[in-house]
Amino acid sequence: MFNESIVEFLIKHSKKNAVSFHMPGHKGGDIIAKHGYGEFLDNILGCDITEIKGADNLFQPESIIKETMEAYKKLYDVKYTNLLVNGSSCGLVASVLATCQRGYKLIMARNSHKSIFNAVKLGDIKPVYARPELLEEYGILGEISKDEIKRLIDENPDAKAVILPSPNYYGICSDIKEIAKHVHDAGMLLIVDQAHGAHLKFYDKNKAAENLGADIVVNSTHKTLLSFTESAIINVCSDRVDILELEDKIQSIESTSPSYILMASLDINEKIIRKHGQELFKEWKTNIKEFYCECEKIKGLKVLKHSMHDDTKINIDMSAYGLDGTKLESELIKRGIYPELVTGSLVMCMSGIGNTKSDYDKLILALVNIADKNVLGECVKCENIQSVALELTAVPTKKEKVLLSESEGRIIAESIIPYPPGIPLACPGEIINKEVIKHALELRGNGYNVIGIDKDNKVFVGK
Ligand SMILES: Cc1ncc(COP(=O)(O)O)c(C=O)c1O
């Protein structure tokens with residue numbers, strides 16, 4: 001038994017007025033009300049309706065929902081947009097199922113989100129893993145190179161599509177333009193998981209997959225922009241995609257009671273960006289630039305810098321002060337700042353359109369204070385095993401549960417996935433090794449969610 005309920009937790013948290021450097025992008029602030037939609041927020045229960053007369057229908061859009069879809073199409077300058085009420089997860093599963101038939105191959109990033117592994121399982125599709133580069137300096141995974149994609153396309157000319165995240169959770173983008181050329185030369189389709197980059201079209205257009213030749217781009221507008229959690233959009237940018245097939249797959253997996261609150265939040269997001277985007281993105285860029293300048297003044301503090309980096313994902317390393325990511329995160333939380341993700345020595349603070357100048361000032365103040373209270377020079381070495389390439393065999397058809405600590409050498413039957421970031425440490429068919437076991441147990445020991453490991457620390461392996 002816990003001493004509070006979900007609602008009690010949420011009310012208590014909202015009263016803390018904590019600074020949000022995690023999803024969603026509106027950051028719980030006043031950005032939506034400030035731009036004219038306070039009435040919607042005040043009447044949220046009255047707006048929570050179903051498909052009554054005049055309300056249109058997400059699965060046969062003809063009026064108000066159609067209008068929002070058309071408005072997004074214009075906003076992102078694409079050929080087709082659909083609204084999603086079950087997150088990018090739903091759009092990614094639908095994209096894979098619509099482009100890859102049963103038994104066919106999909107070239108997919110090994111650091112893909114869980115939803116893509118789900119699609120592969122649901123569609124009985126054969127995954128071919130593209131390995132991302134390792135950014136050794138930071139201990140995280142980087143881009144998927146065009147050469148890796150080219151190699152896999154050459155080795156698997158029968159694959160139907162390629163799917164990869166850009167940007168990834170840490171903000172590292174891949175060279176979508178060059179990758180798209182290879183993919184299209186081979187007659188395949190390119191799907192970009194832009195869950196973390198819905199803002200790029202407006203914030204940094206040279207990194208937006210819609211501008212770089214992708215066929216399908218899935219955006220979590222809730223992560224960095226203004227719509228509510230679980231709302232997202234799917235953009236189709238070329239004539240290569242069978243839209244009827246895509247719609248059929250979306251409708252096969254999406255809730256048949258789509259939330260009007262979520263759809264309205266997508267409507268609001270589109271309208272605010274269209275009308276006020278210019279000033280909002282300019283302000284966001286200025287705040288980010290000033291923030292990084294302030295970081296440089298803190299001796300020993302390191303932030304991730306990379307030519308392919310979307311700088312709105314602020315990755316901070318204070319291991320020079322003896323703080324690993326977990327310790328730095330708790331120091332920030334003590335000071336009322338909630339980050340998005342910890343990996344090894346890095347704490348990722350995810351900024352969004354709703355962050356104000358004062359949020360960045362508070363983050364800097366907290367970092368200065370943490371630096372003052374700790375000793376520079378007490379370096380801590382953090383292990384990160386994101387790069388481990390496990391040997392892949394066939395996915396087991398029969399499974400059993402065993403203790404994780406006793407699973408070395410066994411074939412994994414259900415993915416082991418730290419959440420966040422939702423990228424599997426071990427996938428079905430892979431042979432688990434000592435390193436992964438040690439890392440997964442450490443994550444559990446530090447209180448992180450790891451999907452696929454039960455409360456008794458057991459995992460599914462092949463029987
Ligand atoms: C890389 C990546 N893709 C897709 C998703 C799924 O997005 P959503 O939460 O909108 O379903 C996530 C979620 O965090 C993600 O990190």
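The values are calculated or read from the model by the stated rules, or taken from the named source; none is laboratory data. Note that the coordinates shown come from a computational prediction; the quantities given were computed from them, not determined experimentally. Quick reminder, even Gly has a Cβ in these numbers, built from the backbone with ideal geometry, and neighbours come from all protein chains shown. Remember, those area values only see protein heavy atoms, side chains included, never the ligands or the DNA or RNA. Shrake-Rupley method; radii C 1.70, N 1.55, O 1.52, S 1.80 Å.
Computed quantities for the displayed model
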item	result
Candidates Ile253, Ile233, Ile243, Ile179 - the one that is over 29 Å from Leu134 (Cα atoms) and away from the ligand (no atom under 16 Å from the Cβ)	Ile243
Region 88-107 - residue that is among the β-branched types (Val, Ile, Thr) and open to solvent by 10 Å² or more (accessible area, probe 1.4 Å) and, of those, nearest to the ligand (Cβ to nearest atom)	Val93
Residues being modelled with pLDDT of 95 or more and open to solvent by 10 Å² or more (accessible area, probe 1.4 Å) - total across region 340-352	1
Region 420-455, subset within 16 Å of the ligand (Cβ to nearest atom) and closer than 20 Å to Pro127 by Cβ, residue surrounded by the fewest Cβ atoms within 10 Å (Cβ to Cβ)	Ile451
Positions within region 402-412 being in contact with a strand residue (DSSP E or B) (Cβ under 8 Å, 6 or more places away or on another chain) and either open to solvent by 10 Å² or more (accessible area, probe 1.4 Å) or within 16 Å of the ligand (Cβ to nearest atom) (or both), in sequence order	Val402, Leu403, Gly409, Arg410, Ile411
Test for Ser174: is it of a type outside the set (A, V, I, L, M, F, W, C), buried (at least 18 other Cβ atoms within 10 Å of the Cβ) and in contact with a Gly (Cβ under 8 Å, 6 or more places away or on another chain)	no
Any hit, region 78-89, residues being in the same structural domain as Phe228 (by TED's automatic domain parsing), hydroxyl-bearing (Ser, Thr, Tyr) and touching a Phe, Trp or Tyr at 6+ places or on another chain (Cβ under 9 Å)	yes
Matching residues, region 215-227, being in contact with a Leu (Cβ under 8 Å, 6 or more places away or on another chain) and within 11 Å of the ligand (Cβ to nearest atom)	Val218, Thr221, Ser227
Out of Leu392, Leu376, Leu365, sole residue that is open to solvent by 50 Å² or more (accessible area, probe 1.4 Å), at pLDDT below 90 and of a type outside the set (Gly, Ala, Ser)	Leu392
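The rows are residues; the columns are (1) assigned by TED's automatic domain parsing to the domain that holds Gly354; (2) free of Cβ contacts under 8 Å to residues at least 24 places away in the same chain; (3) within 16 Å of the ligand (Cβ to nearest atom); (4) open to solvent by less than 20 Å² (accessible area, probe 1.4 Å).
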{"position": "Ile125", "(1), (2), (3), (4)": "no, no, no, yes"}
{"position": "Leu134", "(1), (2), (3), (4)": "no, no, no, no"}
{"position": "Glu137", "(1), (2), (3), (4)": "no, yes, no, no"}
{"position": "Ile140", "(1), (2), (3), (4)": "no, no, yes, yes"}
{"position": "Asp147", "(1), (2), (3), (4)": "no, yes, no, no"}
{"position": "Leu164", "(1), (2), (3), (4)": "no, no, yes, yes"}
{"position": "Ala186", "(1), (2), (3), (4)": "no, no, no, no"}
{"position": "Leu189", "(1), (2), (3), (4)": "no, no, no, no"}
{"position": "Asp193", "(1), (2), (3), (4)": "no, no, yes, yes"}
